[in-house]
1. In the range 307-346, which residues have a backbone nitrogen under 15 Å from the label point lying 7 Å from ASP301's Cα in the Cα-to-Cβ direction?
2. How big is the Kirkwood radius of the range 266-338, worked out from every pair of different alpha carbons and given in Å to one decimal?
3. Report, for the chain, the % of DSSP beta bridges that are antiparallel, rounded to 5.
4. Using a Debye calculation, one point per C-alpha and no hydration shell, please list log10 I(q)/I(0) for the chain at q = 0.06, 0.14 Å⁻¹ in order.
5. Between GLU288 and ASP102, what is the label-point separation in nm under the 7 Å Cα-to-beta-carbon projection?
6. For the range 229-264 and the range 96-157, what is the centre-to-centre distance using only Cα atoms, to the nearest Å?
7. Go through the range 206-221 residue by residue and turn each phi into a ³J(HN,Hα) via Karplus (6.51, -1.76, 1.60, θ = phi - 60°); whole Hz please, and just put x for glycine and proline.
8. Which trypsin sites (Lys or Arg not before Pro) in the range 204-254 pass both tests, a DSSP loop state and at most 10 other beta-carbon atoms within 10 Å?
Amino acid sequence: MSEASVKSRITTDIDFDREGRQASYLRAPLSRNTSGWGTIEIPIVVVKNGSGPTVLLTGGIHGDEYEGQISISRLAASLDPADVSGRVIMMPAVNIPAVMADKRLSPIDDRDLNRCFPGNPRGTFSEMLAHFMDGVVLPHADISVDVHTAGHSFDSALSTNMHYLPDEAMRGRTMAAAGAFGAPYNVVFWGVDEGATFTSCVERRGILSLGTELGGWGRVNVEGVRIAERGLRNVLRHAGVLAGEPETAQRDGSAATRHMMVRHQDSFSFAPTAGVFEPRHMVGDAVEAGETAGFIHFVEDVDRPPIELRYKRSGLIWMSAGPGRAARGDCVAVVMTDYAEPTDSD
Ligand SMILES: [Zn+2]
């Protein structure tokens, strides 16, 4: 018996097939010292009207990423069922324990929810929640938009992202949806530690999967919120759930999203040792291979020179270091390049 076929311990009074608007909670059991039968309530709003595709919008899978929490909450409060053809499932704060603690990891089990998929109904709190998302919520969805930012790890160039999908038709559909979302960039990437992510579950079920990186550095990115709100409505228009055409005009005057990729390991710069990292560029900046990426400083030692880091690849900065103090092995910069289909010589 697969884990997904085991009954979840999480319950909800939401009826995914009911017409109209429902605003309620998932109720996840959490036994604690002061409440043996205690539960954690996870907000969910479902708007359904007639027939049409189902779009699942998720935010707060990491608690310290705010743009999805804000934009999906606002959409959930304002979406009129009469305007909808199909169904929109909105979960602005999936990992509510982490959201309320303002942390990437869950304070309940110290796990990264986005490394717990496909989960386990009898596992830790995060594993139980991952199992519910995969086994109960995802089967309803045709399109999934999972709104992330770079949290405290990085700042990010405002972007959607997707895996490089071997299936050409699905890759084309996903790139079209990313173009409709209308962020300044869409980054196609070859995954980092991807087997246990939500995205991997979405893809395994044949559902169109879009992610985002719309800010970071532990703050609310003003432009990231604007792009998120526009992007969510744009995807609903693209899917035919809302009427109208996506608005994709960019602030720099270009008409549409620029498709980029992060494919090669030399796109990543890692701190060779611990110290204070001084980056030399902001997200979106153009950089050259061999150019100075930044310096690791050892302010605790007099006269010890800083270590200079250099980019190994030319492109634009997708991710720029977050915390000033880097640990050995921390990623401190990611360079993206213009998207190109792989060739046999790659
Ligand atoms: Zn995240």
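Coordinate-derived values only; no laboratory data. The structure displayed is predicted, hence computed values, not measured ones. Using ideal geometry, Cβ is built from the backbone for each residue, glycine included, and neighbour counts are taken over all protein chains shown.
1. 307-308, 328
2. Numbers: mean 1/r = 0.0822 Å⁻¹.
In the range 266-338 this quantity evaluates to 12.2 Å.
3. Values: 46 of 70 bridges.
Within the chain, antiparallel bridges account for around 65 percent of the total.
4. Evaluating at q = 0.06, 0.14 Å⁻¹ gives log10 I(q)/I(0) of -0.22, -1.15.
5. 4.2
6. 25
7. So the J values, rounded to whole Hz, are x, 8, 5, 10, 10, x, 9, 10, 10, x, x, 6, x, 9, 7, 8.
8. Details: sites: ARG204, ARG205, ARG219, ARG226, ARG230, ARG233, ARG237, ARG251; in loops: ARG205, ARG251.
Hits after loop and neighbour filter: ARG251.
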